[in-house]
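Can you keep this structure in mind? I'll have questions shortly.
No value in this document is a laboratory result; all are computed from the given coordinates. Quick caveat: nothing in here was measured; it's all calculated off a predicted structure. Cβ sites come from the backbone with ideal geometry, for glycine too, and all protein chains shown count toward neighbours.
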Amino acid sequence: MNGQTVAILESRFGEQLAELIAKRGGKALWAPALAETPDVDPRYIADLIREWRVNPVKAAIFQTGVGTHALFKATDALGLTDTLLSLLSSSTIVVRGPKPTGALRARNVRIDLSAKDPFTTTEVLAELNTLKLRDLRVVVQRYGAKNPELENGLKAMGATVIEIPVYRWSLPADTRPMAELIAALERREIDSVVFTSASQINNLFDVAQSLNNAGTLAANLNATLVASIGPVCSAALAHVGVKPAIEASPPKLGPLVNALDAALSRN
C-alpha cells in the first residue's frame with residue numbers, strides 16, 4: 001500500500017483490519033464508529049415466547065452469534081430457555097453463517113437451513129425460498145440495525161415478520177477519533193477510507209453534522225479512495241453522495257483488503 005494512510009471505522013474487528021493494512025504496507029488510522037448497546041427487553045422476550053406457544057412460528061432466523069448468545073442469556077435469566085428450546089424444535093431453524101451456527105449448537109439446537117458463503121441476506125433469502133411461508137409467522141433475530149432487505153423479502157413471500165431486538169448499534173462513547181478523521185479528511189491527509197457497514201456511514205455523518213462539517217464530508221470522502229464491504233454499504237454511501245471506488249466481492253474483509261491493496265499499490 002506504499003505507506004498510504006487508510007482510515008477504518010470498523011469497531012468489532014478494527015484491530016484485525018488495522019493489522020492487515022499494516023502487513024500490506026499501509027498506515028491505519030482507526031476511528032471506531034459503532035458501539036454495541038444491549039437492547040434486550042425481558043418483558044418483550046417473555047411476551048414473545050408466550051405468544052409463540054399459542055401461535056406457532058414456521059421459521060426462526062438467526063443472523064449473528066452475538067445476538068443469539070444475547071437471546072439465550074435473556075431467556076436464562078427469565079427461566080424460559082427450556083421453553084424456547086422446545087419451541088425452536090418445532091420450527092425451521094435458519095442461520096446466516098458460522099457464528100450463529102456455533103451459538104445454536106452450543107445449546108443443542110438443530111439447524112435446518114444454512115446460508116451459503118458469503119453469508120449475506122441474499123443467501124438467507126435463497127434458503128427461505130425453499131419454504132412455503134405465506135400467511136405464516138417468521139421470527140428474526142435482529143442485529144445492530146434493521147435489515148430491510150430481509151424483512152421485505154419475507155413479506156414478499158407472504159410471511160408475518162416478528163423481530164427480536166437484542167442489541168443495537170449506537171455512537172461510541174468517545175467520538176473524538178471520528179472527529180479527528182473528519183478533520184484529517186478536510187486537510188487531505190487520508191488516502192483511503194474503508195466502510196464495513198451502513199451504520200458506520202450514518203454515524204460518521206451524524207458526528208460531522210454536530211461539528212458543522214456535514215456539508216463538506218461527502219466531497220472530502222470522494223477526494224479519497226473509498227472502499228465498501230458490499231452492496232448494502234455501497235447503497236448507503238450513494239445515499240449520502242459518496243461513490244465507492246472499491247466494492248469487495250465476496251463481501252468479506254479478506255477480499256476487501258486485497259482489492260484495497262491492489263488499488264493503492266497502483267498509485
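Enumerate the calculated ³J(HN,Hα) couplings along the range 41-48 in order (Karplus 6.51 cos²θ - 1.76 cosθ + 1.60, θ = phi - 60°), each rounded to whole Hz, writing x wherever the residue is Gly or Pro.
Values per residue, Gly and Pro as x: 9, x, 5, 5, 4, 4, 5, 4 Hz.
Right, next: I'd like to know how the chain sits against the 2.2 N^0.38 Å rule of thumb: what's its Cα Rg over that expected value? Before the final figure, lay out each step's value.
Working: Rg = 20.2 Å, N = 267, 2.2 N^0.38 = 18.4 Å.
In units of the globular-protein estimate, the chain measures up at 1.10.
In a solvent-free Debye calculation with one equal scatterer on each Cα, what is log10 I(q)/I(0) for the range 55-108 at q = 0.15, 0.18, 0.19 Å⁻¹, listed in the order of the q values?
-0.38, -0.55, -0.62
A follow-up question, please. Quickly work out the residue 235-to-residue 266 label distance, labels modelled 7 Å from Cα along the C-beta direction, and quote it in nm with one decimal.
2.7
Now, a different point. If each residue of separation counts as 0.36 nm, what is the full-extension length gain between residue 110 and residue 135 once their alpha-carbon separation is subtracted?
Working: separation 25, 0.36 × 25 = 9.00 nm, distance 2.41 nm.
Additional length available on full extension: 6.6 nm.
Using the Karplus equation 6.51 cos²θ - 1.76 cosθ + 1.60 (θ = phi - 60°), what ³J(HN,Hα) coupling, rounded to whole Hz, does each residue of the range 201-211 give in order, writing x for Gly and Pro?
5, 4, 5, 4, 5, 5, 5, 4, 4, 5, 9
Further question: Can you give the angle from 0 to 90° between the axis of helix 65-78 and the longest principal axis of the chain, with both taken from C-alpha atoms, to the nearest 10?
The angle comes out near 40 degrees.
Relative contact order, percent, of the chain when contacts are C-alpha pairs under 8 Å separated by at least 6 residues? Don't jump to the answer; show the numbers that get you there.
Working: 472 pairs, mean separation 55.6, N = 267.
Reported as a whole number, the value is 21 percent.
Could I ask something else about it? So for the range 93-165, averaging the separation of alpha carbon pairs under 8 Å that are six or more residues apart and normalising by length, what relative contact order in percent results?
Dividing the mean separation by the residue count of the range 93-165 yields 27 percent.
From Cα pairs below 8 angstrom and at least 6 apart in sequence, can you work out the relative contact order of the range 38-169, rounded to a whole percent? Can you show the working numbers first?
On the way: 219 pairs, mean separation 39.9, N = 132.
Over the range 38-169, the number comes to 30 percent.
Cross-link list 58/99; 155/243; 73/155; 132/252: which exceed 27 angstrom alpha carbon to alpha carbon? Don't jump to the answer; show the numbers that get you there.
Values: 58/99 22 Å; 155/243 30 Å; 73/155 29 Å; 132/252 31 Å.
From the list (58/99; 155/243; 73/155; 132/252), the Cα-Cα distance tops 27 Å for 155/243; 73/155; 132/252.
Now for a different question. Can you tell me the Rg and the Dmax, both Å, for the Cα atoms in the range 38-169?
13.4, 36
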